[in-house]
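**Student:** Below you will find the structure I want to go over with you.
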Amino acid sequence: MALAFGRTGPALARAQRLAAQRPGSRWAQATCSHLLAQAGRRDEALACARAAVAAAGAPGVRPAEAANAWFNLGYLLDQAGQGADAAEAFRHALRRQPRMDRAWYGLGLAALKTGALDEAEHALRQCTRLQPMAPPPWYQLARLLAEQGRGDEARAVIARLRRVEPRAAAQAARETGLGAAA
């Protein structure tokens, strides 16, 4: 309730108490991790996210819940600049829920940061298949293809992006140097 009224301090204190009282609770650990991350307390947020992943490994946990725990850890690792570890967390999420579009996108970005360009391309293409109306994966895919010197493919992606979000397509065309893509 405190969080609903913008009182993040009391909400965080309550979440930390719950996480300490219920170390096996995925919800308590994930909530604590989220609030700690918002407060800029990255190391503590990562510890709670890792606890949520451990709790998600318990028998009877649904794959979607486990995938969410792994995704959250991957997101925090990516924010902490730990691209390789983030990519591995996103892969864990995808093994549990292969149609999790945000995990494909996270994997694509993490792979880009670590220089795993083939994996990045595959992940971004998977994300565009799952969420064809979401501009960010199309945009990142266009940039990746352009940086690899694959201008015709990048132009085709920008043209597809134009149908989804014309302003993002124009920006991608400018940034890649591909001008007004078809």
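The values are calculated or read from the model by the stated rules, or taken from the named source; none is laboratory data. These numbers come from a predicted model, not from an experiment. Don't worry about glycine lacking a Cβ; one is built from the backbone with ideal geometry, like all the others, and counts go over all protein chains shown. These accessible areas exclude ligands, DNA and RNA; they are computed on the full protein's heavy atoms, side chains included. Shrake-Rupley method; radii C 1.70, N 1.55, O 1.52, S 1.80 Å.
**Student:** Could you list all residues from region 55-76 that are part of a helix (DSSP H, G or I) and in contact with a Gly (Cβ under 8 Å, 6 or more places away or on another chain)? Write out each step before concluding.
**Tutor:** To start, the set of residues in region 55-76 that are part of a helix (DSSP H, G or I) comprises 55-56, 63-76.
Scanning region 55-76 gives ALA55, ALA66, PHE71, GLY74, TYR75.
**Student:** Moving on to the next point. Quick one: is ALA30 under 16 Å from the mean Cα position of the chain (by Cα), part of a helix (DSSP H, G or I), modelled with pLDDT under 90 and surrounded by 16 or more Cβ atoms within 10 Å (Cβ to Cβ)? Explain how you work it out, then say what you get.
**Tutor:** On the way: under 16 Å from the mean Cα position of the chain (by Cα): yes; part of a helix (DSSP H, G or I): yes; modelled with pLDDT under 90: yes; surrounded by 16 or more Cβ atoms within 10 Å (Cβ to Cβ): yes.
Considered against the rule, which asks whether it is under 16 Å from the mean Cα position of the chain (by Cα), part of a helix (DSSP H, G or I), modelled with pLDDT under 90 and surrounded by 16 or more Cβ atoms within 10 Å (Cβ to Cβ), ALA30 comes out as yes.
**Student:** Here's something else I'd like to know. Please work out if ALA20 is surrounded by 13 or more Cβ atoms within 10 Å (Cβ to Cβ) and not charged (D, E, K, R).
**Tutor:** Values: surrounded by 13 or more Cβ atoms within 10 Å (Cβ to Cβ): no; not charged (D, E, K, R): yes.
In short, no.
**Student:** Can you name the condition, by its number, that ALA15 falls short on among (1) in a helix (DSSP H, G or I); (2) more than 19 Å from HIS122 (Cβ to Cβ); (3) open to solvent by 20 Å² or more (accessible area, probe 1.4 Å)?
**Tutor:** Evaluating ALA15 over (1) in a helix (DSSP H, G or I); (2) more than 19 Å from HIS122 (Cβ to Cβ); (3) open to solvent by 20 Å² or more (accessible area, probe 1.4 Å) leaves (3) as the failure.
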